[in-house]
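K.L.:
Let me begin by handing over the structure; questions about it come next.
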Amino acid sequence: MRPLPLTPFPYAVQSIKRGAPQTMLRPISAVLTVTLIATALTACGNDPDVKLQPARKGQITIGFSQIGESSRWRAANSRSIQDAARIQNVKLIFSVAGLSQQKQIADIEAFISQKVDVIAFSPVVEAGWDEVLQHAKNAEIPVILTDRMIATSDPSLYTSSLGSDFISEGISAAVWMKNEFRTTPGPVNVVELSGTPGSAPAVQRKKGFQEGLGDANKFKIISSSTANFSRADGKKVMAGLLKTHDDIDVVFAQNDDMGLGAMAAIEAAGKKPGKDIKIASIDAIHDGLVALENGKINFVAECNPLIGPQLMDLIQDVFLGIEVPKRVDTRETVFFPENVKQYLNDREY
Ligand code: GYE
């Protein structure tokens with residue numbers, strides 16, 4: 001288990017847990033409590049749709065379909081899964097989809113033909129998986145979703161899902177923002193840079209962010225555009241926005257890469273990121289945490305890519321015929337300039 005942050009947060013972190021009353025927001029001087037945002041295992045063991053697999057023997061073969069983004073977050077996610085499979089002596093057939101849902105569907109069909117024991121994949125977008133997952137179900141191959149969720153009316157099409165609580169991440173950015181601008185009369189002009197259109201993190205972080213802002217109508221989202229979770233696009237989109245808006249107060253970037261791109265665009269426009277225009281982002285990759293320490297990004301909610309060991313545990317249980325939770329959340333925290341330093345050296349991605 002990772003160490004709890006030792007330095008005090010500017011406000012009680014448990015206030016940004018999903019569903020917690022907003023009255024828990026506290027100013028810097030308040031008494032501080034430290035808890036992790038999202039805690040582990042939420043068991044839904046009595047879901048009648050979860051079909052137990054008969055116990056199997058021998059080496060497990062998994063087919064895994066990765067989204068195919070070129071980012072350090074995604075590379076760390078792939079490495080974590082590959083390392084964990086090697087350590088557990090699981091045979092891993094790993095395919096990368098170049099951001100194409102069609103390719104992911106073709107890869108899953110190929111896993112079905114190869115009669116793998118378990119299929120796992122990180123769905124690039126939420127919608128459009130029912131047909132291929134029905135094929136997997138007909139072939140009695142259990143499916144585990146990792147990182148991103150799907151939208152389906154038939155939850156029996158997958159056995160379990162493992163990943164981050166994207167809604168909580170969005171809420172945490174909003175709660176930080178409300179606290180950061182609590183003495184500003186407003187309006188506060190917000191720019192949102194969002195991820196791959198139709199992907200679970202883009203949809204749910206937006207939802208959480210809006211939910212977190214609630215009726216705080218001093219915040220005006222003056223633009224919400226996609227920058228595809230990419231640093232280059234973040235820079236390009238932000239540069240365009242800076243030309244048309246001279247009154248941006250804060251950026252909500254749905255991942256660090258877009259936040260770092262926005263940071264570069266703000267500097268190129270002769271302004272100070274973190275001061276003239278503040279930035280909140282999500283992921284906590286090394287570059288993001290360095291920018292946080294340097295005061296150029298102001299808040300980062302963690303989205304943990306290192307889910308390989310948890311995935312292998314789930315897969316082994318499914319293979320052995322042990323009942324697994326329908327949903328497993330990854331453990332995550334949030335970072336401020338005050339608590340980031342102790343994490344920097346250990347952050348390998
Ligand atoms: O935040 C982002 C990546 O699906 C949670 O995908 C993941 C997101 C992550 O592009 O950096």
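K.L.:
For an R0 of 51 angstrom, estimate the FRET efficiency from the Cβ-Cβ distance between Glu338 and Asn138 and round to the nearest 0.05.
P.N.:
After rounding to 0.05, the efficiency reads 0.45.
K.L.:
Follow-up. Mind checking the per residue accessible area of the chain for me, 1.4 Å probe, whole number of Å²?
P.N.:
Accessible surface, normalised per residue, equals 42 Å².
K.L.:
Turning to a different aspect of this structure: With an 8 Å cut-off on Cα pairs and a minimum separation of 6 or more residues, tell me the relative contact order of the chain in percent.
P.N.:
22
K.L.:
What's the magnitude of the charge dipole for the range 185-305 around its Cα centre, counting Lys and Arg as +1 and Asp and Glu as -1 at the beta-carbon? Answer in Debye, nearest 20.
P.N.:
Charge dipole, the range 185-305, about its Cα centre: 240 debye, nearest 20.
K.L.:
Could I ask something else about it? Between Val290 and Asp83, what FRET efficiency follows from the Cβ-Cβ distance if R0 is 22 Å, with the result rounded to 0.05?
P.N.:
Between Val290 and Asp83 the formula returns 0.35.
K.L.:
I've got another one for you. Choose one of Thr184, Ala227, Gly208: the residue whose Cα lies farthest towards the positive end of the charge dipole of the range 166-302 (beta-carbon charges +1 Lys, Arg; -1 Asp, Glu; about the Cα centre).
P.N.:
The residue sitting farthest along the positive end of the dipole is Thr184.
K.L.:
Can you list the lysines whose alpha carbon sits under 24 Å from that of Lys272, skipping same-chain ones fewer than 8 residues off?
P.N.:
Lys178, Lys218, Lys220, Lys235, Lys236, Lys243, Lys296, Lys341
K.L.:
Let me ask you something else. Could I get the Rg over Rh figure for the chain? Both from C-alpha atoms, Rh via Kirkwood, rounded to two places.
P.N.:
0.99
K.L.:
Rounded to a whole number, what % of the accessible area of the chain do carbon and sulfur atoms account for, probe 1.4 Å?
P.N.:
54
K.L.:
Rounded to the nearest 20 Debye, what is the dipole magnitude of the chain about its Cα centre when Lys and Arg each give +1 and Asp and Glu each give -1 at the C-beta?
P.N.:
Using only the charged Cβ atoms, the result is roughly 500 debye.
K.L.:
Show that you can apply the helix-only estimate: for the chain, add -39,500 (n - 2.57) for every DSSP H stretch of four or more residues, divide by all residues, and state [θ] at 222 nm to the nearest 500.
P.N.:
-10500 deg cm²/dmol
K.L.:
Per residue and in Å³, how big is the convex hull formed by the alpha-carbon atoms of the range 210-288?
P.N.:
95
The values are calculated or read from the model by the stated rules, or taken from the named source; none is laboratory data. Quick caveat, the model's predicted, so the values are computed rather than measured. Reconstructed Cβ throughout: ideal geometry from the backbone, glycine too, with neighbour counts over all protein chains shown. Remember, those area values only see protein heavy atoms, side chains included, never the ligands or the DNA or RNA. Shrake-Rupley method; radii C 1.70, N 1.55, O 1.52, S 1.80 Å.
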